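Report on the structure given below.
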Amino acid sequence: MSWITRYALALLTALLLCGTSLAQSTAGPGASAEVTVASMRALLERLPESADTEEDVQRLNELTSEITTQAERFVAQRTTQLADLNARLGELGPAPTAEGSTEATDITRQRSSLTRERNAVDADIRLARLLAVNAQQRRSEVLAERRAVFEARLLERSDSPLSTAFWHKAAAQWQVDQARLRELNAEIQQGLATALSGTALPRIMLGCLAALAIIIAGIWLAEAGLTRLAARTFPVGRLRRSLLALLTVLGYILIVGLAASVAWESLEDGGNWTTQSRRLAESVVRLCMFLAFVVGLGRALLANQRSSWRLPPITDAMASRLAPLPWLMAFVATVVWLPSALGEVTGEPLNGVLSSFVPTCVYLLAALAGLYLLRPSKPAAAAGAPSPDPAAERPMWVGLFIGLVAVLMVAQVILMALGYLALAQVLAAQATWAGIVIVAAYLLFKFADDLWMALLSSRSNSGQRLQKALGVAPHVLDQLAVLLSGVSRVAVFFYMLVAFVAPLGSSPGQLLQRSGKFGTGLKVGEFEIVPGAILSALSVLVVGLVVLRLLKRWLENTYLPNTQLETGMRSSLTTLLGYAGVIMVVAFTLSALGIGVNRIAWVASALSVGIGFGLQAIVQNFISGLILLAERPVKVGDWVVLGTSEGDVRRINVRATEIQLGDRSTLIVPNSEFITKTVRNMTLANAEGRVLIRLPMPLSTHAQQVRDLMLAACAEHESVLETPLPSVTLEGIENGLLIFQAIAYVPSPRMAGGVRSDLLFTILERLQAAQVPMAAYVPPPVPAAPVPAGPFSA
């Protein structure tokens, strides 16, 4: 089979599963039967000694997988039985070893019987594991031998097509191939004759008409119908373009595959077909599906009938010129497939000379046609205007691609002239296959990027719903969308490399098995990195954080407001729950990743040195934050005074506490400051605030009148509490002035500053209205400068 048809299944699987590996079916026809060592040994003897065809490789893989599955099931069953036997032997205890000690005969007999049975079960387990290992080793040896043969044929040198010996040898081989082809032709004609001459002719005609109708109606729906559906139902944005292109490709594959299957089944049921003709027909059905994939991929990306939906940034003129390219690639695949398929059906490869020469020539002609289609356009220049430079309009990647194709064409011509026909054919096939893989990967790249942006971007409808439902910041959603888009692109790029850089001579099954080996893990020391475990750990982390956030929102907004707890206590409980939840989510994530507590012990040992030096302050602040949340000397909503700063406690974080000052700024204070230093909590035991006013008055002031005025002002203010009552006292005399002190209480210390200002305005206004003299500011006396002593002073 050609390189294109050999890799068709691999690429279709990557498209349908979007970057996930295909799980091979391991349940054989006898999966429900009892597994024995004899049945596994019989399967091992059925393993082929060599794998000359793709069917041999498939049979080898299926038998090896069946042996491995049966061995695992057998070991699981016998392990349970072995554990039961060991438990029963443990109940009997060890045999007595001291001289003169005896035990009951039935116990000795029972111990001996259980020991023999335990040894037999243990031997069966070891033998089953050995058979599985032998099967895998046999498979590896057969595939390695097949690969070595392929590499030897690849570097084999034959006569050059420029010599007459080449054509004489080709003519001689063609005479041999004609005999086999006549036999196959006779079988096909016999099957058609029996199908068309019997009573099944109406059913065959109906099946062929149904297949034709499926292709015509299905292709129309895949292009026009999906476009209308996308315009009406798909979300507005870039996703509708990439999703339409992807659905168009899948539609082509399913429609053509269904039509080809219906046509073949109608012929198969009505005719007498041989094994070779059936195998050829099945290969034709698979080829039709791959050709539909190539044509659908090209038409979906070019979008000649709907340029506004086109994904690649190319002009309409370029898209129109490239319209025949998908059909050209389909023709090349058909030409290359035919000799390979006929060789597999007949059991021997057809004319080894022409089967390498003809496909390479077809590839060269297709490459020349592709270069002609990629030629730069020459638009008509306006009168008097300078002619445009085509090279300036053409993207750089187009020039690089043309140069690479030209180099490959020259290399293929040189190899053919030297006689390395197989190497030239493989090089041309790999280049064509690489182009198809890159185009398909481009479509998947665009789809992955557009999908996550449409689902999680803060500007999308679903992203805005997530913001309202989970309270997630817009920038967090944008970062998550970009991150998941990058992960999807990496996954697609990985499978593109697996398909593109796959070792020569690989089949789709081997291709998927090689990609599946990456899922078994990469062991680094005592740690094993498994991609599947990484995905599981990421899923656990995301789901756990979302559930934790929903639980915190439910506690904050629904449950805790209906309790008798105060606001600070509710905030402390929610924060502690968040810390505990994050620790649990991280623990479950590490467990899903396969990292237990014992595996990270060395990490903790290494971190202990860092904690002792650079991380000491961070750990101290974290522990202090936990103490603040547990003992609650300072809680959210308290009015605290710390040094020269005072304000409301707004939030207690892991490392620091946020305090909102009077000027609306935020003071970040490390949590250790509240534990190791003196902090004045104005609202810890009593939420009331105190207003203190000290008023100096002259000695001649009527003290009782001033006292009554100040008490009246305090009593009349609406924010001053009646209990405790405001009071005015005469503190004493300072610098020849009477010092009056008024004390009033307000509901909150946050109101003290405003109430004090209001009371001062009222008291001063009433003192002026009562014509009570106020004390004037008297600056402190300045001491006289000392007079220097003269020469005649006493």
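Summary of values
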read-out: C-alpha center-to-center spacing [the stretch 145-174, the stretch 177-220] in angstrom; value: 35 Å
read-out: Accessible area of S197 in the full protein assembly, 1.4 Å probe (Å², nearest 10); value: 90 Å²
read-out: Assigned charges on the beta-carbon of Lys, Arg, Asp, Glu; the stretch 408-505 dipole about Cα centre (debye); value: 260 debye
read-out: Estimated distance in nm for a label pair at E156 and N304, the labels positioned 7 Å out from Cα along Cα-to-Cβ; value: 4.2 nm
read-out: Projected label distance in nm at V236 and L404, using a 7 Å step from Cα toward the beta-carbon; value: 3.9 nm
read-out: Distance-filtered residues of the stretch 642-662 - backbone nitrogen under 13 Å, label point 7 angstrom along T678 Cα→Cβ; value: 642-644
read-out: Dipole moment magnitude, nearest 20 debye, the stretch 136-246 about Cα centre, only Lys, Arg, Asp, Glu C-beta charged; value: 680 debye
read-out: Reciprocal mean inverse distance between Cα atoms of the stretch 94-188 - Kirkwood radius, Å; value: 21.1 Å
read-out: Probe 1.4 Å, all protein chains present, accessible-area order of D316, D638, largest first; value: D316, D638
read-out: Calculated FRET efficiency for the pair T79/V149, C-beta based, R₀ 45 Å, to 0.05; value: 0.65
read-out: Using a Förster distance of 25 Å, the FRET efficiency for D663-D758 (Cβ separation, nearest 0.05); value: 0.80
read-out: Cα centre as origin, Lys/Arg/Asp/Glu Cβ charges: the stretch 126-197 dipole, Debye; value: 480 debye
read-out: For M682, distant residues with modelled amide H under 5 Å away; value: W639, V640, V641
read-out: Relative packing of 221-229, 424-432, which averages over residues the other C-beta atoms within 10 Å, highest first; value: 424-432, 221-229
read-out: Distance (nanometres) between label positions extended 7 Å along Cα→Cβ at Y559 and N735; value: 6.1 nm
read-out: Residue order for V619, V407 - accessible surface, 1.4 angstrom probe, largest first; value: V407, V619
read-out: Heavy atoms of K446 accessible to a 1.4 Å probe, total area in Å² rounded to 10; value: 70 Å²
read-out: Efficiency of FRET from Cβ geometry, R690 and E765, R₀ 22 Å, rounded to 0.05; value: 0.45
read-out: Accessible-area ranking of F588, F234, largest first, probe 1.4 Å; value: F588, F234
read-out: Euclidean distance between Cα centres, the stretch 397-412 to the stretch 642-719, Å; value: 81 Å
read-out: Surface accessible to a 1.4 Å probe, I414 within the full protein complex, Å²; value: 90 Å²
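The values are calculated or read from the model by the stated rules, or taken from the named source; none is laboratory data. Since we're looking at a predicted model, the values are computed, not measured. Virtual Cβ from ideal backbone geometry, glycine too; neighbours counted across all protein chains shown. The protein model used for the area step is the full one, side chains on, heavy atoms only, and it has no ligands, DNA or RNA in it. Shrake-Rupley method; radii C 1.70, N 1.55, O 1.52, S 1.80 Å.
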